[in-house]
Amino acid sequence: MAIDVRIVCPEHAAFAGEAAFLTVPSTDGSLGIGGRHASEIFTVEAGFVEICAERMNDVTDTFAVSTGFVQVADDRVIILAERAEDMSKVSASEVEERKRGFEDELGNLSANDARRSNLYNEIAWCKLLLTKAGAA
């Protein structure tokens, strides 16, 4: 039974399609969702959404997501995340270069500069992307 899946973040709709099964990183651990799943709403933790278009254990799409929320109802899954990125389009060398730039910028800021928090978040996002991009 197909599930309608949407991954949406403020900048764009990262994914819209059907899946037989998917896993979502939640604050309570990874949650698997298949057809006829019970309705629920839960929080997303930074990690990877893995989509199986045809059948379980056959991952066809992987998306990095940051924190957010998921709603499951009536064979529809909506993932609202601060960020989402299709891992098939991620270049490890480009992400590594961005990370180095953020680290360099961080090194030039004073200890009490408010911009440090944003740079820490950017570095953490790059590190998350590199955990899968480096393996690809």
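All of the numbers you see were taken from the coordinates with simple rules; none came from a lab. The model shown is predicted, which means the values in this text are computed figures rather than measured ones. Cβ coordinates were reconstructed from backbone atoms using ideal geometry, including for glycine residues, and neighbour counts include every protein chain displayed.
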_Quick check: pseudo-label points 7 Å beyond the Cα along Cα→Cβ at ASP113 and ALA38, how many nm apart are they?_
4.9 nm
*Mind giving me the FRET efficiency for ARG6 and TYR120? R0 is 41 Å, r the Cβ-Cβ distance, nearest 0.05 is fine.*
0.90
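So how many Å³ per residue does the convex hull of the Cα atoms of the stretch 3-87 work out to?
Numbers: hull volume 6.2 nm³, N = 85.
Convex hull volume per residue, Cα atoms: 74 Å³.
Based on the Cβ-Cβ distance from ALA13 to GLU103, what FRET efficiency comes out when R0 is 22 Å, to the nearest 0.05?
Values: r = 31 Å, r/R0 = 1.40.
Working from the Cβ atoms, E equals 0.10.
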*Cα gyration tensor of the stretch 23-136, axes a ≥ b ≥ c as square roots of the eigenvalues: rounded (a/c below 1.5), prolate (a/b > b/c) or oblate?*
oblate
*For LYS127 paired with ALA92, estimate the spin-label separation in nm (one decimal), with each label point 7 Å from Cα along the Cα-to-Cβ line.*
1.8 nm
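Return the FRET efficiency for the residue pair ILE78, THR27: r is the Cβ-Cβ distance, R0 is 22 Å, and the value is rounded to the nearest 0.05.
Working: r = 17 Å, r/R0 = 0.78.
For R0 = 22 Å, the calculated efficiency reads 0.80.
How would you rank 98-104, 38-44, highest first, on the average number of other Cβ atoms within 10 Å across their residues? All intermediate terms of the calculation are to be shown ahead of the outcome.
On the way: 98-104: 14.4, 38-44: 12.4.
In descending order of packing, they fall as 98-104, 38-44.
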*asked:* What's the whole-number percent of alpha carbon pairs in the stretch 90-133 lying beyond 16 angstrom?
replied: 33 percent
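Suppose every Lys and Arg Cβ carries +1 and every Asp and Glu Cβ carries -1, with no other charges. What dipole size does the stretch 47-110 come out with about its Cα centre, to the nearest 20 debye?
Dipole size: approximately 100 debye.
With charges only on Cβ, +1 for K and R and -1 for D and E, what is the dipole size of the stretch 90-133 about its Cα centre, in debye, rounded to 20?
Details: 7 positive and 8 negative charges, 37 e Å.
Result for the stretch 90-133 is approximately 180 debye, rounded to the nearest 20.
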